[in-house]
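One structure is given here, and the rest of the page talks about it.
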Amino acid sequence: MPTDESPAFHAADFEFAQDLLEGDKAAWRRFDTEMKPAILSRLLAQGASPADAGEVLGIVMEKLWAHQKLAAYSGGGPLAGFLRAMASNAWLELLRKHRRMVPATSLADDGDGSDPIERLARDEAAAPQETPLAQLLRDALLHAMSRVDAEALLVLRLSLLQEVKQRDLCLLWGGCHEGTISRKKQEAMEQIRDETLAYLARREPTLQITWQDLLEACGEGADAILGPSQ
């Protein structure tokens, strides 16, 4: 369990979440006043219509209350970020659900002799069970990493993952100036950001998500911030 000594622990938000889980009426009134408008505002900014935003808010509320998704919140980041990530995930889920709605005529036999309803059931069963936003994030980041300049990515990996000191990287790169290493790291990070957002815009143009949204969604890991998959 998180403690007040943990540097990233948001004690007040964690206590607020616990009050909500316990059904505290004052906490839920505060939620209605502070959190609901913020969630709706974020959904509208991400391209949802007022009607869709209201529907998504209802989905979020059901998950928070009926499915106890707040139990996944550990206090490792702001509660508002946790809720915004949940709302983004629910909005993406709704978008994909609408895309799967097809005219009845398209259910006609396509020549393989199988029942069309059975085909739809098989397709649904075969669909990945990972939360939609987590899956989309993973695909976008993998794509971005594949597009980054190889040398700049190597510098970034050695620096961030292997914790190689910058002066040692300068020696590895033939005694170059530290500014060269800093520039390569910055170029890699900027390219990852730009390629990730470009991929998302192509895959889900209606989901107008920002880089800050993605950073918030990655803050505690997909399971912690989006709740466990159904």
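May I ask you to list the residues in segment 172-197 that are farther than 18 Å from Trp211 by Cα and surrounded by fewer than 18 Cβ atoms within 10 Å (Cβ to Cβ)?
We begin by selecting, within segment 172-197, every residue farther than 18 Å from Trp211 by Cα; these are 172-184.
Across segment 172-197, the qualifying residues are Leu172, Trp173, Gly174, Gly175, Cys176, His177, Glu178, Gly179, Thr180, Ser182, Arg183.
Considering segment 148-163, the residues that are outside any helix (DSSP H, G or I) and surrounded by 13 or more Cβ atoms within 10 Å (Cβ to Cβ) include one that is nearest to the chain's Cα centre (by Cα), namely Val148. Which of the residues that make up segment 135-147 are surrounded by 13 or more Cβ atoms within 10 Å (Cβ to Cβ), hydrophobic (A, V, I, L, M, F, W, C) and free of Cβ contacts under 8 Å to residues at least 60 places away in the same chain? Of everything in segment 135-147, those that are surrounded by 13 or more Cβ atoms within 10 Å (Cβ to Cβ), hydrophobic (A, V, I, L, M, F, W, C) and free of Cβ contacts under 8 Å to residues at least 60 places away in the same chain turn out to be Leu141, Ala144, Met145. Given the structure, is Leu83 modelled with pLDDT of 85 or more, touching a Lys or Arg at 6+ places or on another chain (Cβ under 9 Å) and closer than 30 Å to Ala12 by Cα? It is true that Leu83 is modelled with pLDDT of 85 or more, touching a Lys or Arg at 6+ places or on another chain (Cβ under 9 Å) and closer than 30 Å to Ala12 by Cα.
Here's the yes/no breakdown for (1) crowded, with 21+ Cβ neighbours inside 10 Å; (2) in contact with a strand residue (DSSP E or B) (Cβ under 7 Å, 6 or more places away or on another chain); (3) touching a residue at least 60 places away in the same chain (Cβ under 8 Å):
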| residue | (1), (2), (3) |
| --- | --- |
| Gly23 | no, no, no |
| Leu43 | yes, no, no |
| Ala51 | no, no, no |
| Tyr73 | yes, no, yes |
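When only residues in segment 200-210 that are assigned to a helix (DSSP H, G or I) and either within 10 Å of the chain's Cα centre (by Cα) or in contact (Cβ under 8 Å) with a residue 40 or more places away in the chain (or both) count, which is farthest from Ala140 (Cα to Cα)? Top of the filtered list is Arg203.
The values are calculated or read from the model by the stated rules, or taken from the named source; none is laboratory data. Fair warning: this is a prediction, and the values are worked out from it, not measured in the lab. Every residue, glycine among them, receives a Cβ derived from its backbone with ideal geometry; neighbour counts consider all protein chains shown.
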